[in-house]
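The values are calculated or read from the model by the stated rules, or taken from the named source; none is laboratory data. Source: prediction; values computed, not measured. Virtual Cβ from ideal backbone geometry, glycine too; neighbours counted across all protein chains shown.
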Amino acid sequence: MNIKGLEKTALSVRALSIDAIQKANSGHPGLPLGAAELGAILYGELLRHDPAAPDWADRDRFVLSAGHGSMFLYSLLYLAGYPDISLEDIKNFRQIGSRAAGHPEYGLARGIESTSGPLGQGVATAVGMAIAETMLAARFNTASHKIVDHYTYALCGDGCLQEGVSAEASSLAGHLELGKLIVFYDSNKITIDGSTDISFTEDAAKRYEAYGWQVLKGSMYDFEEIARLTAQAKAETKKPTIIILKSIIGKGSPNKQNSADIHGVPLGAEEVVAARQTLGIPAGPAGDFYTAPEALEYFKDRRAEWKKVRKTWQTEFDAWSKENPDKRKEWDQFYSGKAAPISFPAFNVGDKIATRTAGNKALAAVAAANKNLVGGSADLKGPNAVGFPDSGPYSPACREGRYIHFGIREFAMAAITNGITLHGGLRGFCATFMVFSDYLRPALRLSALMNLPAIFVLTHDSIFVGEDGPTHQPVEHLAALRTIPGVRVLRPADAEETAEAWAMALERHDGPTALALTRQNTTVFPKADPEWRSTIRTGAYIAQKAGPAGEKPDAVIIATGSEVNLALEAAQIAAQKSGKKVQVVSMISRELFESQPKAIQEAIVPPGVRVICCEAGVRSGWERWAKSEDIFSIDRFGESGPAGKVAEHMGFTSAALAALINR
């Protein structure tokens, strides 16, 4: 171990962080100054990686859960030689166009394994990555070749461990015996408001022992001790490990270290000078972005070693490929990101089936064709209808299992699904009741920020949940989900649409998809558009025409999900009572349809025609398509009772919609 090289690396991390944050007049110097030694040994000695091949499949993963300390990561990526983070990026820290954004953003630069910053989610994301490693190892490793054999590391702080999502995920990680997950805890006992004593006095070590983790303790500033503790963590193959490193926030800032003043505020011109003197940064102009020559030389030598390690792996991978051509073919399919052809079950007009049930039939077909689809639900396998017929549950005894029992942990479930998807090779999905999308929303938002093709199955999507009442009847949730940029909500109307919805979710590669599915039965209806399976990919299609081709309708009803059945009934009632010609449009995805060119939109919703919108949820967003008085919606909480009785009580019936049409 080159101690001098590590010391100079830590010094360089501190120098770069001080200058970048001071120049930006914005940032969080506390963590990079306080944890620089860990960063040096992590990127210099502990991580199995190669900056020349940042996407190497068997690299170790590192997630900076405490993402506010982003200069810690950017400094190390630059020093280690990752090609996407330049000194110019660091000089433009937190400025538009710089890859060194305020918090790490996945996709801006290779080496950033996950978007982080919302505290605690990085820990949960790392759990997902560790799960993915075990799944892929079980599927592809052979007696003679280990081609999947890496560790997942994370760095968290006091704030991460106060957030509930880290507790949810850590509990599951201990249960699943993820022995190749190692979390470093930067324990400096300072948060924004001051000492953690004001709000956080629990024994975190005992908590993690109760979760089933190995708990180790040491100093942030002893390279040999950190190396020894990491080796001890690796020696424990069943338990994940948390290494609690006692540290000093802002170490090296003589007047601000060990205080809340340095958590999220630049040092200031005078303190920059004082810190440089204290740390022994060579004299030079303020803001010179000093990097120690010894650190650059150290990483130059390390890059040569990392390349040898990766090439050794490549040789083994090539030998494995030759011996296992079928596995190699499957590996390539897993990592292609493309779905294999799927043979969906057939449904008949008139079939009455809940879209959650149809979704389970579609999921079985998807899973049979795509062995890299993995996921589960928050203790709702039956109600969500997301079980795999050909796969047992994932567990310490069965790493080949593809169904994950997440337990009642919606937030962690979603963040873990992000981690599984980020890892590569696997496509993650998760499921819960739609009303509990509130619990997982922050992770869904990060999924959208990262453009991850994760799939979120949300069943029991309206007041038609029935007897469980307003606590379980979502009314505002469809609108809330649609407001997240990049989230695509698919609300299929019947069993046939549900199969297409799963296909559409798999075809998407630039963001998450939420499938909104019913508890109650819906009827498979005849489609007026013979090409509806392709047209639906615009977000909407004509389910029922007003009359012969070219005939202008008196009104167009835009409906989603189970309300398409209701709209078809209402159109028939209106026609019988007044002779009005009503066109019914099934809009499986409002946001997708609204992104289409005007010509496509007008071919389905003709201009100059009265439009009525029908959805069992709040009216928010439908004002674009219809006048307020023509939005048939539910703008209050529901009631407890049988689904049909609840609808009658709330006036949400086909007769009431027909009356609106004829108004």
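Can you pull out the residues in the stretch 318-368 that are farther than 26 Å from His460 by Cα and free of Cβ contacts under 8 Å to residues at least 12 places away in the same chain? Those that are farther than 26 Å from His460 by Cα and free of Cβ contacts under 8 Å to residues at least 12 places away in the same chain: Asp318, Ser321, Lys322, Pro325, Asp326, Arg328, Lys329, Asp332, Ser336, Lys338. Checked against (1) at pLDDT 95 or above; (2) farther than 27 Å from Gly337 by Cα, Leu515 passes all but condition (2).
Each row is one residue, and each column tells you yes or no for (1) buried (at least 19 other Cβ atoms within 10 Å of the Cβ); (2) farther than 17 Å from Lys300 by Cβ; (3) not aromatic (Phe, Trp, Tyr).
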{"residue": "Ser12", "(1), (2), (3)": "yes, no, yes"}
{"residue": "Asn25", "(1), (2), (3)": "no, yes, yes"}
{"residue": "Leu64", "(1), (2), (3)": "yes, yes, yes"}
{"residue": "His68", "(1), (2), (3)": "yes, yes, yes"}
{"residue": "Leu77", "(1), (2), (3)": "yes, no, yes"}
{"residue": "Ala80", "(1), (2), (3)": "yes, no, yes"}
{"residue": "Gln95", "(1), (2), (3)": "no, yes, yes"}
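If the condition is being over 29 Å from the mean Cα position of the chain (by Cα), in a helix (DSSP H, G or I), of a type in the set (A, V, I, L, M) and crowded, with 18+ Cβ neighbours inside 10 Å, then the stretch 204-258 contributes Ile226, Leu229.
Would you check if Gly644 is of a type outside the set (A, V, I, L, M), out of contact with any helix residue (DSSP H, G or I) (no Cβ under 6 Å at 6 or more places or on another chain), closer than 24 Å to Asp468 by Cβ and part of a helix (DSSP H, G or I)? Can you show your working first?
Working: of a type outside the set (A, V, I, L, M): yes; out of contact with any helix residue (DSSP H, G or I) (no Cβ under 6 Å at 6 or more places or on another chain): yes; closer than 24 Å to Asp468 by Cβ: yes; part of a helix (DSSP H, G or I): yes.
Here the answer is yes, as Gly644 does meet what is asked.
Is it the case that Ala397 is touching a Lys or Arg at 6+ places or on another chain (Cβ under 8 Å), of a type outside the set (D, E, K, R) and either within 25 Å of Gly122 (Cα to Cα) or surrounded by fewer than 16 Cβ atoms within 10 Å (Cβ to Cβ) (or both)? Considered against the rule, which asks whether it is touching a Lys or Arg at 6+ places or on another chain (Cβ under 8 Å), of a type outside the set (D, E, K, R) and either within 25 Å of Gly122 (Cα to Cα) or surrounded by fewer than 16 Cβ atoms within 10 Å (Cβ to Cβ) (or both), Ala397 comes out as no. Whenever a residue of the stretch 579-596 is closer than 12 Å to Arg491 by Cβ, it has no partner that is assigned to a loop (DSSP other than H, G, I, E, B) and modelled with pLDDT under 95 lying with C-beta atoms less than 6 angstrom away and at least six residues away or across chains. Among the strands (runs of 3 or more DSSP E) confined to the stretch 510-555, the ones with at least 3 residues that are surrounded by 21 or more Cβ atoms within 10 Å (Cβ to Cβ) are located at 513-516, 541-544.
Quick check on the stretch 402-415. Is at least one of its residues among the aromatic types (Phe, Trp, Tyr) and over 24 Å from Ala495 (Cα atoms)? Yes, the stretch 402-415 contains at least one residue that is among the aromatic types (Phe, Trp, Tyr) and over 24 Å from Ala495 (Cα atoms). Among all positions in the stretch 569-577, there is at least one residue which is at pLDDT below 95, surrounded by fewer than 24 Cβ atoms within 10 Å (Cβ to Cβ) and either of a type in the set (Lys, Arg) or not in a helix (DSSP H, G or I) (or both).
Among the residues making up the stretch 475-494, those that are closer than 20 Å to Asn360 by Cβ and either in a loop (DSSP other than H, G, I, E, B) or touching a Phe, Trp or Tyr at 6+ places or on another chain (Cβ under 7 Å) (or both) are Arg491, Pro492, Ala493, Asp494.
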